[in-house]
Ligand code: PEP
Ligand code: MG
């Protein structure tokens, strides 16, 4: 099978009935890029920048961030590189930042919420991202959104940074793409409205599952309840995809679910535009997409969404896949 997968590296993920899905990779640092190339990634759907902040004893400077982003962007040679702003807090702490102890850290001061309160952190990162955009195809992505107020506030700050750079005579991509993660029910339920104000979506199923089901993603006692095949999570994913497409923007998925082989017929059937996952999973998911018929997956999704439990859904999916 290894040889078979290797043969697919330069092939596109096109279904039997001719629908193409983009295959992207998730990375945490420039070191991960080599793996992407080896596995035929067509871009980066999630660059988790918090590692730059966590593997440090102080905030990384604008230049340090710029160098890290530029390295990745250059090595992708014009392919899309989706870079997410700092997603700290929740389960991710910074030794040099005094994050308050909270009763419910996953519902607390995290990610963009921190960045909008500490505008200096966001500005530094936006400036570094804009500067890196002069060297390839950068897409800026915001995590943990719940409201359009956040989107608009972040946009104002991004515009401020653009104005500064213009005044300083520093080049950047004037049409830089600006998107958000769909990882809360608040965004999934109102997807269309968010889609009108951003360029793209990416579904973060790790958090979307946690917040839809009210199940802490790191709590072992309730790990059996943490299931993205729960019909409510599937419904939330469908709402996000439909909302994006109604407004004509593209939608990818960068949560673990994108690399789950049982999920592939579901996501293809729902019309997901791009799958982003750790590099090693790319060839196998691609191979599965090439065996599927999108039209058939659409009917399957309709049937699945009418079922009662994750267990029933997974049973039907296993049966469906084993017949391929
Ligand atoms: C997610 O929530 O699905 C996601 C991709 O982000 P992270 O796992 O970094 O929270
Ligand atoms: Mg997340």
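Just so you know, all these numbers are worked out from the coordinates, no wet-lab data involved. All values derive from a computational prediction rather than experimental measurement. Every residue, glycine among them, receives a Cβ derived from its backbone with ideal geometry; neighbour counts consider all protein chains shown.
Fewest to most neighbouring Cβ within 10 Å: what's the order for 101, 286, 262, 291? Kindly include the intermediate steps, with their values, before the conclusion.
Working: 101 6, 286 23, 262 16, 291 12.
Fewest-to-most ranking of 101, 286, 262, 291: 101, 291, 262, 286.
Hey, how much of the P(r) for the chain falls beyond 27 Å, as a percent of Cα pairs?
Working: 22551 of 52326 pairs.
In whole percent, the share of Cα-Cα pairs in the chain beyond 27 Å is 43.
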Cα centroid distance between region 119-173 and region 39-71, in Å? 15 Å
State whether region 193-254 is rounded, prolate or oblate according to the following rule on the C-alpha gyration tensor (a ≥ b ≥ c being the square roots of its eigenvalues): a/c under 1.5 gives rounded; otherwise a/b larger than b/c gives prolate, and the remaining case gives oblate. prolate
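In units of 2.2 N^0.38 Å, what is the alpha-carbon radius of gyration of region 1-68? List each step's numbers first, then the result.
Numbers: Rg = 16.3 Å, N = 68, 2.2 N^0.38 = 10.9 Å.
After normalising by residue count via 2.2 N^0.38 Å, the value is 1.49.
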Nearest-ten-degree value, helix 148-168 long axis tilted from longest Cα axis of the chain: 50 degrees
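In what order do 158, 165, 305, 130 fall by count of nearby beta-carbon atoms within 10 Å, going from fewest to most?
On the way: 158 20, 165 17, 305 14, 130 24.
By the 10 Å Cβ count, ascending: 305, 165, 158, 130.
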Normalised Cα Rg of region 176-308, dividing by 2.2 N^0.38 Å with N its residue count, works out at 1.01
Theoretical ellipticity at 222 nm over the chain - DSSP helices of four or more residues, -39500 (n - 2.57) apiece, nearest 500: -13500 deg cm²/dmol
For helix 119-132, what angle does its Cα long axis make with the longest principal axis of the chain, in degrees from 0 to 90 and rounded to 10? 70 degrees
Global size of region 121-249 as Cα Rg and Dmax, reported in angstrom: 16.9, 55
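Please rank 109, 24, fewest neighbouring Cβ atoms within 10 Å first, as an exposure proxy. It would help to have the intermediate numbers written out before the result.
Values: 109 14, 24 28.
With the sparsest Cβ surroundings first, the list reads 109, 24.
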Compactness check, region 230-320: C-alpha Rg relative to the 2.2 N^0.38 Å globular estimate gives 1.03
Degrees separating the helix 310-322 axis from the principal Cα axis of the chain, which is the longest one: 70 degrees
Counting only DSSP beta bridges with both residues in the chain, tell me the antiparallel percent, nearest 5. 10 percent
